[in-house]
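Values quoted throughout were computed directly from the atomic coordinates according to the rules given, and no laboratory measurement underlies them. Being a predicted model, the structure only gives us computed values, none of them experimental. Here the Cβ is made from the backbone with ideal geometry for all residues, glycine too, and neighbour counts use every protein chain on show.
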Amino acid sequence: MPGPKRFLPHLLLIALIVIWSASFVVSKVAQRQLEPFALVAVRFWLAALCVLPFLRGDAAAQLRTALGPGLAAGTALGCGYLLQMKGLTETSASMSGLLAGLIVPLVALGGFVFLRARLGALGIGGLLLAIAGMVAICWPRGDTGSGPQDSLRGILLQVASSASYAAHVLLLSRFGRQMPAAAFTLLQLVLVAVAGTVATLLTGDFAVAANGAIDWNGELLGALAYLGILSTAVAIGVQGMVQPRIPPTHVALLFTLQPLFAAVFGWALQGDRLDGGQLIGGAMIVLGVVVTSRDR
């Protein structure tokens with residue numbers, strides 16, 4: 001891709017990272033009325049409906065081609081979202097964004113273990129820094145920390161979510177360019193929507209209110225539109241097309257922006273606050289991400 005146009009995929013990925021970073025705050029808004037798994041189900045059924053019209057031509061053949069990789073990527077994506085939405089009920093948007101920064105060192109580790117990618121001294125050092133930062137965030141604080149909004153269980157759910165997202169990133173880099181985009185995206189969205197629906201049915205919880213009532217007001221509908229259309233249908237579809245066209249090191253560097261954007265959105269829109277130990281832990285995660293991404 002000659003000239004400045006070669007940076008277009010980078011700019012698109014940055015735009016997606018901004019959208020995903022804001023989605024932590026938007027999800028907190030939607031969770032005032034919808035339980036976490038119900039939110040995942042509604043969000044992804046809406047996203048699947050948006051992508052369905054783009055499945056043109058020999059749809060059956062495209063779906064067969066994308067079936068295996070689509071199901072694998074969808075499984076990783078579904079685990080990521082279910083764990084993240086559940087964890088988000090017990091963590092702040094800022095904390096969730098900081099822990100999402102673990103995706104990059106986990107991608108480096110996963111590439112080394114499963115894809116035989118090189119992991120040098122910088123990668124190992126960055127991974128250790130990120131782990132140390134995670135320990136600093138999770139360290140018990142009694143009543144002096146950020147309060148019950150950042151519980152240990154919620155933090156561990158977010159860490160597991162980051163591991164699932166890292167698997168999704170690796171699968172996209174492996175299969176994304178080879179797959180028909182609409183079919184590949186649709187399979188992932190439907191799988192996550194089904195998983196969210198099953199989880200909702202198993203728990204029996206859809207609405208937060210004890211009487212099961214939901215106020216379908218403008219705030220909730222706007223949050224669902226943002227999450228389902230912009231942050232899911234558009235973002236995942238575009239990610240599958242642009243990420244395989246960006247060198248892995250550049251992808252890692254760009255994803256270092258997510259914890260920063262998420263913390264800014266959480267502070268500006270929800271008044272999130274992190275204590276000193278958590279800020280240090282978050283800084284160590286970001287530093288670990290940067291160091292890992294420098295390992296070529």
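A few remarks follow.
- Across A136, A121, A183, mean-square fluctuation computed from a Gaussian network of the chain (C-alpha pairs under 10 Å connected) peaks at A121.
- Calculated mean residue ellipticity at 222 nm for the chain: -23500 deg cm²/dmol, from DSSP H runs with n ≥ 4 weighted as -39500 (n - 2.57), summed, divided by the residue count and rounded to 500.
- Each Lys and Arg adds +1 at its Cβ and each Asp and Glu adds -1 at its Cβ; summed about the Cα centre, the chain shows a dipole of about 1100 debye.
- If you run the Gaussian network model on the chain, springs between alpha carbon atoms under 10 Å, then out of A15, A76, A195 the most flexible one is A15.
- Most mobile of G133, G218, G240 in a GNM of the chain (Cα contacts under 10 Å): G218
- Two-decimal Rg to Rh for region 1-108 - Kirkwood Rh, Cα set: 1.02
- For the chain, the membrane-span-like helices by this rule, meaning whole DSSP H stretches whose C-alpha atoms cover at least 18 Å of axis and whose Kyte-Doolittle mean is 1.0 or above, are 8-30, 36-51, 121-138, 152-175, 181-203, 257-270, 276-293; this says nothing about an actual membrane.
- Other-chain or far-sequence residues with amide H under 5 Å of L34's (modelled H): V208
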